[in-house]
Amino acid sequence: MIHSDQGPHENIDSYVTDLKNKAKPCEFEHLSDGLIRDRIVCGIQNEGCRARLLREADLTLAKAIDTCRAQEISSQQLKSLKSTEEHSVNAVKQVSKPRYRQNDSHKNQRSVHGERQALCKNCGRIHGKRNCPAFGKECHSYNKKNHFAKYCMSKQKKKIDAIQYDYNYDSEDELFIGTVSVDSIQQGEEWKESMTLNKQSVVFKLDTGAQANIISEKLFRKLSLPDNRTEKTNIKLVTYDGHKISPIGTRMLECTFKDRKYNLKFFIVPTDSQPILSADTCSEIGAIVRVRAVDKPLTKEEVISDYGEIFKGLGTLPKTHHIEVNPLIPSIVHPPRKIPAALRDQVRTELDRMESLGVIAKQDEPTDWVHSMVVVRKPGKLRVYIDPKDLNCAIKREHYHLETIDEIVERLPKASVFSRFDATHGFWQIQLDEDSSKLLTFNTPFGRYRYRRLPFGISSAPEVFSKAVREMFVDLPGVECIVDDILVWGENDEQHDYRVRKMLNRCRQMNFR
């Protein structure tokens, strides 16, 4: 939502609907209106309107929408006026010339003062004052007087306030039906389909954001149904500014689409509006097809469903690690430390769990190094570690460079979508060879154990683990590693989802959990 800009041919109502749809799953709650208002200011196409919004001291979402809508309507009216003027000029060239040939009296159309007379804007002809043949006649388009339908000035796009959906409404008597508009000169790139109602073909706009099918009262009467009765309804149509419009009623109509018949419920509205089919109806009749792979971002539930095994158990990377020690540093054997009697059973349970996972194993043979056990209590659980401070002095580290967050951020200038994954017991997924395992023997009240996996606390562990993980994902773009955290990013949802799946497939291949 934060990066959504208004499309070149997108009206303000569609833009705000898109922003609200994207904001709803984000759970912004009381911040939603303010964030949508800010996105409108930053994302609208018209620079003049943006400047006007920035000048407002106390700008609200409703005020921002009204301002953008007013600018949009005024721009459309200016275009309509210009289009009408151009149409009149074409009429002079195409219609008046044959008339000049047929009537010699019009070869030289000049008044007694020598001035050329203009075409009448009501009938399209040239005549004397008060001699217009259209005077007293009724226009067939809008039932207005004193002009012919061909020259009706009302034939221009008339936008009615878009009826939009308020996501915070509580009443079940309110429905969202999308944008309602009357006949226009230029319809743009809207999706439309023809349906047959009572043997008459009607062109409907497919509105995937609408919750109801609508037709105008004028069209309903024009269908010439045997019974024109409608059912009363308490449902209201709610606009952005909270204004509610009451439909005349509802009616079930039999419709034919692609040789199949459907019984659909329509709301009859008093405005002379364009017929609209709702999202549910479009899906029911097959006018639109939901493409989840493109339209729906990857969800946590889909990831767990498709890659469930990656999120269970303990992984095992294919390479085995060997710990190098300085032979000049003498080995040390520590005696077992005492633990409180109240913790003995919990410690024994944790040791058994670690042994069942293959993290530790019992050690009966003598070893040069023996470390003390450290018990750490955490909320709801207990963890067992070793204290390898003496061994750390003898370990020869690889001194592998660990990247900082600042270094990684420099590579994310275009990132807008992120996912973070945390490795399960990250260090434990690296196996140790036999000699290295014996270096990590530790004492307990229940006997000696040795680590078979890389433990926490070893000075070289972060470097070894980071190197192994980075080498695993080095060829995958958009995948960054910070020790046991894996960050996947993309410039958009599609790129992000593709990279997440590539990363998870690699984890499955390498048995990384």
How about region 353-366: which of its residues are crowded, with 17+ Cβ neighbours inside 10 Å and either more than 24 Å from Asn326 (Cβ to Cβ) or among the β-branched types (Val, Ile, Thr) (or both)?
Met354, Val359, Ile360
When you look at Lys137, is it outside the structural domain of Asp33 (by the TED database), modelled with pLDDT under 70, farther than 24 Å from Gly7 by Cβ and of a type in the set (Lys, Arg), yes or no?
no
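I'd like the residue in region 427-437 that is under 14 Å from Pro318 (Cα atoms) and not charged (D, E, K, R) and, out of all such residues, is surrounded by the most Cβ atoms within 10 Å (Cβ to Cβ).
Step one: list which residues in region 427-437 are under 14 Å from Pro318 (Cα atoms), which gives 427-433.
Then keep just the ones that are not charged (D, E, K, R); that gives 427-432.
On the way: Phe427: 21, Trp428: 24, Gln429: 22, Ile430: 20, Gln431: 17, Leu432: 21.
Checking each candidate, the answer is Trp428.
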Would you check if there is a residue in region 282-302 being surrounded by 15 or more Cβ atoms within 10 Å (Cβ to Cβ) and under 30 Å from Ser460 (Cα atoms)?
no
Tally up the residues in region 477-500 that are under 30 Å from Ala461 (Cα atoms) and either surrounded by fewer than 16 Cβ atoms within 10 Å (Cβ to Cβ) or β-branched (Val, Ile, Thr) (or both), please.
8
May I ask you to list the residues in region 462-484 that are at pLDDT 90 or above and either outside the structural domain of Leu432 (by the TED database) or part of a strand (DSSP E or B) (or both)?
Val479, Glu480, Cys481
The number of residues in region 360-379 that are closer than 20 Å to Leu314 by Cβ and free of Cβ contacts under 8 Å to residues at least 60 places away in the same chain is 2
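Among the candidates Arg453, Arg383, single out the residue that is under 47 Å from the mean Cα position of the chain (by Cα) and crowded, with 19+ Cβ neighbours inside 10 Å.
One residue alone meets the criteria, Arg453.
Please verify whether Ser273 is of a type in the set (Ser, Thr, Tyr) and crowded, with 17+ Cβ neighbours inside 10 Å, treating the condition exactly as stated. Spell out how you get there, then give the answer.
Numbers: of a type in the set (Ser, Thr, Tyr): yes; crowded, with 17+ Cβ neighbours inside 10 Å: yes.
When the stated conditions are applied, Ser273 passes them.
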Residue match in region 411-419 (condition: in contact with a helix residue (DSSP H, G or I) (Cβ under 8 Å, 6 or more places away or on another chain) and buried (at least 16 other Cβ atoms within 10 Å of the Cβ))
yes
Filter region 377-428 for residues that are within 25 Å of Lys300 (Cβ to Cβ) and assigned to a helix (DSSP H, G or I); which is modelled with the highest pLDDT?
Trp428
Which condition from (1) within 32 Å of the chain's Cα centre (by Cα); (2) free of Cβ contacts under 8 Å to residues at least 12 places away in the same chain is the one that Asn263 breaks?
(1)
Of the residues that sit in region 307-318 and are surrounded by 14 or more Cβ atoms within 10 Å (Cβ to Cβ) and of a type outside the set (Gly, Ala, Ser), which one is nearest to Lys467 (Cα to Cα)?
Leu317
Exactly one of Val347, Val374, Val294 is modelled with pLDDT of 90 or more, out of contact with any Leu (no Cβ under 6 Å at 6 or more places or on another chain) and part of a helix (DSSP H, G or I), and that one is Val347
Only listed residue being more than 24 Å from Leu439 (Cα to Cα) and in contact (Cβ under 8 Å) with a residue 12 or more places away in the chain, chosen from Leu402, Leu391, Leu357, Leu351:
Leu402
Check region 490-500 and report whether any residue there is over 28 Å from Ala394 (Cβ atoms), without any contact (Cβ under 8 Å) to a residue 12 or more places away in the chain and in a helix (DSSP H, G or I).
yes
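Return yes or no: is Ile285 over 21 Å from Thr17 (Cβ atoms), aliphatic (A, V, I, L, M) and either under 31 Å from the mean Cα position of the chain (by Cα) or at pLDDT 85 or above (or both)?
Yes.
The values are calculated or read from the model by the stated rules, or taken from the named source; none is laboratory data. Remember, it's a predicted structure, so these values are computed and weren't measured experimentally. When we count neighbours, we look across all protein chains shown, and the Cβ atoms used for this are built from the backbone with ideal geometry, even at glycine.
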